[in-house]
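The values are calculated or read from the model by the stated rules, or taken from the named source; none is laboratory data. Because the structure is a prediction, the values reported are computed rather than measured. Neighbour counts are summed over all protein chains in view; Cβ atoms, including those assigned to glycine, are modelled from backbone coordinates with ideal geometry. Surface accessibility is based on the protein's heavy atoms, side chains included, excluding ligands, DNA and RNA. Shrake-Rupley method; radii C 1.70, N 1.55, O 1.52, S 1.80 Å.
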Amino acid sequence: MPTFIATADANGDFTVPFLASYTAGQKITVTAEKDSAIKTIELYAPSDTTGGVLSFGGSLLDFPLNITSVTIKQISGSISNESFSALGSPNTFMGKATSLVIDCDINNIGFYSFSGWPLVKTVQLPPTLLNIGEGAFYSCGGLESLVFPNGLQTIEQDAFNNCTSILNITFGTGLTSIGANAFAYLANAISVTCLATVPPVIQSSTFTGIKSTVKYYVPAASLAAYKAAP
């Protein structure tokens with residue numbers, strides 16, 4: 001395991017330089033020197049690691065009324081179920097934010113994690129994302145467009161149900177399946193683009209309530225396959 005060196009100041013204080021994404025058991029050696037004597041201690045990272053950083057754009061005056069963006073960092077693995085849900089909580093920061101940036105190496109967004117953000121217009125998803133869980137962004141009524149990373153494979157049922165302001169959607173090259181009602185009631189949608197060469201498996205209700213005038217764009221070489229897909 002790596003060893004890091006930190007030197008204490010005159011008061012004996014020091015900052016422990018664990019990496020932001022340290023692993024269980026990572027070791028740090030801290031040295032302190034006084035009157036030509038050197039003392040050394042070793043610290044070990046805990047096996048249960050917790051963390052994560054939230055940063056806000058806009059003004060923190062009368063928080064959370066004047067914030068604009070919310071950025072999430074230093075989370076790995078998964079965002080837990082309902083962790084940032086604003087359903088029934090319009091006066092939280094989730095209920096006031098106008099944009100969301102997930103700037104961390106997660107592979108899963110749990111069910112109803114970001115549901116009910118009424119004012120959020122844009123969402124930036126990380127390239128490491130593999131799955132978006134059930135109802136993850138349910139009833140985010142202000143969302144205007146969605147661009148999914150190429151690595152995303154699955155979008156579960158109701159993930160973006162009732163996101164009525166969405167105009168344009170772009171699915172990446174790696175998408176394989178979309179669940180029931182995942183994009184239901186997108187009453188203002190204009191276009192849906194899917195870059196996957198193999199048509200993703202969808203359900204009969206995946207796009208329930210979407211306008212008949214919506215245009216669908218797919219790779220030219222896959223046009224026949226999309227037409228033939230259930």
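Taking Thr176 as the residue in question, decide whether it is open to solvent by 50 Å² or more (accessible area, probe 1.4 Å) and closer than 20 Å to Ile109 by Cα. Yes.
Pro118 meets all of the listed conditions (1) touching an Asp or Glu at 6+ places or on another chain (Cβ under 6 Å); (2) within 17 Å of Glu82 (Cα to Cα); (3) not charged (D, E, K, R) but one, namely (1). Annotation for segment 134-148: no member residue is acidic (Asp, Glu), closer than 29 Å to Gly88 by Cβ and open to solvent by less than 40 Å² (accessible area, probe 1.4 Å).
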